[in-house]
Amino acid sequence: IELPKNVGFYFVGGTPTKEYLDLREENGLFNVHFVGFKDKQALKEYYRAADVFVLPTREDIWGLVVNEAMANGLTVITTDRCVAGLELVKEGENGYLVPADDEKALKQAIEKIFTTQENIALMGEKSLEIISNYTIESMVKRHLEIFG
């Protein structure tokens, strides 16, 4: 993937492997940053500073970080192997779903977001609208409907 040079990419969580660090160096990807694990408060600051949240997962039973990103008003790009993405991301409305391991589709989704920047704010607003239905109160109400 050739990443836009004017966009910063921040990988939050975990420690990058030597392979990732070497790839960054070999390709001169000075806009790619590995920031490691962050506590809840610091993570909140990254969400607030971001324009888009990308989770290129190969498999995620839910993917709570998608909920968190949406609750922070972010446009979301994730894969068809993230259940939260399948449930919460509305194609072209608040983000995009791409096939897992499809680098070309991931690149196209990222480029689409950043070539139509006026849509980033609108898509973030749509994320907030969608995620507002996923509160503890609404979950309790739904459980009461099912079991009541």
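The values are calculated or read from the model by the stated rules, or taken from the named source; none is laboratory data. The structure displayed is predicted, hence computed values, not measured ones. Reconstructed Cβ throughout: ideal geometry from the backbone, glycine too, with neighbour counts over all protein chains shown. Ligands, DNA and RNA are excluded from the accessible area calculation, which covers all protein heavy atoms including side chains. Shrake-Rupley method; radii C 1.70, N 1.55, O 1.52, S 1.80 Å.
Computed values, structure above
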| quantity | calculated |
| --- | --- |
| Among the residues listed as Val76, Val83, Val89, the single one being β-branched (Val, Ile, Thr), surrounded by fewer than 21 Cβ atoms within 10 Å (Cβ to Cβ) and at pLDDT 95 or above | Val83 |
| Matching entry among Asn6, Asn31, Asn27 (being surrounded by 10 or more Cβ atoms within 10 Å (Cβ to Cβ) and closer than 22 Å to Ile120 by Cβ) | Asn31 |
| Count of segment 94-138 residues which are free of Cβ contacts under 8 Å to residues at least 60 places away in the same chain, open to solvent by 60 Å² or more (accessible area, probe 1.4 Å) and under 14 Å from the mean Cα position of the chain (by Cα) | 1 |
| Any hit, segment 94-110, residues being farther than 25 Å from Lys5 by Cα and either part of a strand (DSSP E or B) or among the acidic types (Asp, Glu) (or both) | no |
| Condition broken by Ala42, with the remaining ones in (1) over 12 Å from the mean Cα position of the chain (by Cα); (2) open to solvent by 60 Å² or more (accessible area, probe 1.4 Å); (3) more than 23 Å from Asn6 (Cα to Cα); (4) not charged (D, E, K, R) satisfied | (2) |
